[in-house]
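Shown next, in structure tokens, is the structure this report addresses.
The values are calculated or read from the model by the stated rules, or taken from the named source; none is laboratory data. Computed from a predicted model, the values in this text were never measured in an experiment. Cβ coordinates were reconstructed from backbone atoms using ideal geometry, including for glycine residues, and neighbour counts include every protein chain displayed. Only protein heavy atoms, including side chains, enter the accessible area calculation; ligands, DNA and RNA are left aside. Shrake-Rupley method; radii C 1.70, N 1.55, O 1.52, S 1.80 Å.
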Amino acid sequence: MNDAVPQGSKRAARRWYRRVVLGLVTLFAVSVMYITNELMTQRYTETISNRSELRLALYSANLMSELQRNSVVPQLLARDPELISALTSQDYSRSTARLMSFVDEIGAAALTLLDSEGRAVAATNRNELGVNHSDRPYFVDALRMNRTVYSTYRMDTGAYAFIFSRKIESNGQVLGTIMVEVDVGRMERGWAGVTDAVFVTDAQGKIIMSTEPLWRGLQERDALARQPASSAIERALRATQSWAMAPAEAYLRGEAVLRRESRVPHQGWRIVNFTTYDSVREKVNGILALQVMGFAIILAVSFWVMSRQTASRLVLFQRESAELRALNRRLQREIAERERVEKTLQVAEQTIAQSSKLAALGEMSAAVSHELNQPLAAMKTYLAGARLLLQRQRPEEALSSFQRIDDLLERMGAITRQLKSYARKGSDAFEPVDTRAAVSTALAMMEPQLKTRSVDIIRTLPTEPVMIMGDRLRLEQVIINLLRNALDATKTSDNPTIEILLAVGDTVSLQIRDNGEGIENLDELFEPFYTTKQPGDGVGLGLAISSGIVNDLGGRLTARNAADGGAIFEVQLPAYMLGQAAAE
């Protein structure tokens, strides 16, 4: 009897010990799962917030790219000879076809040509032909200003039109106006392709672009108070749940969603994005499921060790195994869902690549306009000189001016034929080029500008040919850009001087030095659209284009400030020996 009592006490103590251990393990598991749920929910919520901000930055960049790309089109079309001729002769039979040939390449919503009275004489939208726009701000403001004018107005359909316009002049006479309407509908359709709701407001807070058409023209508070139709935000609200751990940043129809806002660097615009907390619960549940599986295995082993002799415990273990298989199936569904999300991200990356191509097309259009300005300015000078020579009965000298004009026209044609070379890199059209001849041709092209100012040109050229393998036209283009920059830099100099030094060794080195004020910002000098000139004097593409051309030729373009004042631009290219081709 005395021995039986201690044995019973030991069994009871072991049972209580096992229960305490089991309770502690269970408490530890619950604590770990609770902390994991809190931390993972916060982490994935921050991830969604970061993705929302990234997507907002992408939308803003695409919008600015679309606006900037369309802003340069009126400047190009205002100089189109056929449109100027049509406005002068009032013969618009081919003008509409001319505009329709441009609209697909530009990517604009519509192109419209107005005469001096504001009447639409040519348009890609034939319903606009004959419509009078004389009271519209884009027509009135364009006639008053000597630059491209931006205007926004609401159409009868409720959507907003975004228009860039510019007046067309010839010999100081205003002939009409060219209008370019930005295709914002394409961007809105792209925004609606995801589970976000996006809208853009102007400086007064009025919604001018939105994935929900009923929001246009309203303030944000009024728009959110309205009952939306089938829209992106409606889909987002259906996916939003009340379990979100982070504080709600916005409430739409009583549901919590994530709201992000960013400034668009145009006319005081702001872009707002609503994102749901979708997929966070699924991701957290996946991690919790793994923990549950791990703790379930521990508990199952504990139960098996503590009660391996009882059949009831074995049944419980089998039930736990079935639960583990169910969890495994849930994990497989999670993996399939993640694969679907990865495919969606691939589609988004393709959309980003297409937007980059559109931005490159806008920069290429601006580059062609920049490179055609030099021949046009030279032609204007030669025409004025030829007119003066003819008035003075000196036709032979006038013929030489016309010959130079013909050479300039051939050069402009060659520049336009080189559009494809901006889109590909290769040396299939390269040939041996004498750098001295390229320098002489560039100086001849710059002769009209040099004659208008008293600039001392110092040339140091070798007596023997200095050959490179490249494209002579593009090399001349680089030299003209550098000479033009040097000429502009010496405007404030008392004794303007430009020095040209050509040397050859293992490489060909061409230095162009001026005695101007020097370069303030060397880091951003070769960035596209960076310029220190006044608006209208340049678009900041000359040095960027020149650097790209020199890179295509296998060399490099550098700039530095001289110790005694002024700037030095140096072009370094691989030398080409005359006997190299035969040896190869």
Within the stretch 236-250, restricting to residues that are out of contact with any helix residue (DSSP H, G or I) (no Cβ under 9 Å at 6 or more places or on another chain) and buried (at least 17 other Cβ atoms within 10 Å of the Cβ), the one that is modelled with the lowest pLDDT is T240
Restricting the search to the stretch 196-217, which residues are on the phi < 0 side of the Ramachandran plot and more than 22 Å from the chain's Cα centre (by Cα)?
A203, Q204, K206, I207, E212, P213, L214, W215, R216
Restricting attention to the stretch 77-102, which residues are surrounded by fewer than 19 Cβ atoms within 10 Å (Cβ to Cβ) and of a type in the set (V, I, T)?
I84, T88
Quick one: would you say G118 is on the phi > 0 side of the Ramachandran plot and in contact with a helix residue (DSSP H, G or I) (Cβ under 7 Å, 6 or more places away or on another chain)?
yes
Give the residues of the stretch 130-148 that are open to solvent by less than 70 Å² (accessible area, probe 1.4 Å) and either out of contact with any Lys or Arg (no Cβ under 7 Å at 6 or more places or on another chain) or aromatic (F, W, Y) (or both), sorted by residue number.
V131, H133, S134, P137, Y138, F139, V140, D141, M145
Here are some residues: L376, L408. Which one is aliphatic (A, V, I, L, M), within 25 Å of A78 (Cα to Cα) and either surrounded by 14 or more Cβ atoms within 10 Å (Cβ to Cβ) or modelled with pLDDT under 60 (or both)?
L408
If you go through the stretch 486-497 one residue at a time, do you hit one that is open to solvent by less than 30 Å² (accessible area, probe 1.4 Å), more than 20 Å from L573 (Cβ to Cβ) and in contact with a Ser or Thr (Cβ under 6 Å, 6 or more places away or on another chain)?
yes
Residues of the stretch 157-173 satisfying the condition of being part of a loop (DSSP other than H, G, I, E, B) and under 25 Å from the mean Cα position of the chain (by Cα)
A159
Which one is surrounded by the most Cβ atoms within 10 Å (Cβ to Cβ) among residues in the stretch 60-76 that are among the hydrophobic types (A, V, I, L, M, F, W, C) and under 22 Å from G172 (Cα atoms)?
V73
Could you tell me which residue of the stretch 152-174 is modelled with the highest pLDDT, considering only residues that are touching a Phe, Trp or Tyr at 6+ places or on another chain (Cβ under 6 Å) and open to solvent by 10 Å² or more (accessible area, probe 1.4 Å)?
F164
Criterion: in contact with a strand residue (DSSP E or B) (Cβ under 7 Å, 6 or more places away or on another chain) and within 16 Å of V73 (Cα to Cα) - qualifying residue of V174, V198, V131, V149:
V149
Within the stretch 331-363, track down each residue that is modelled with pLDDT of 80 or more and not β-branched (V, I, T).
L331, Q332, R333, E334, A336, E337, R338, E339, R340, E342, K343
Output for the stretch 463-485, where each listed residue is open to solvent by 30 Å² or more (accessible area, probe 1.4 Å) and either at positive phi or charged (D, E, K, R) (or both):
E464, D471, R472, R484
Give the residue, chosen from T124, T177, that is surrounded by 16 or more Cβ atoms within 10 Å (Cβ to Cβ) and in contact with a Pro (Cβ under 9 Å, 6 or more places away or on another chain).
T177
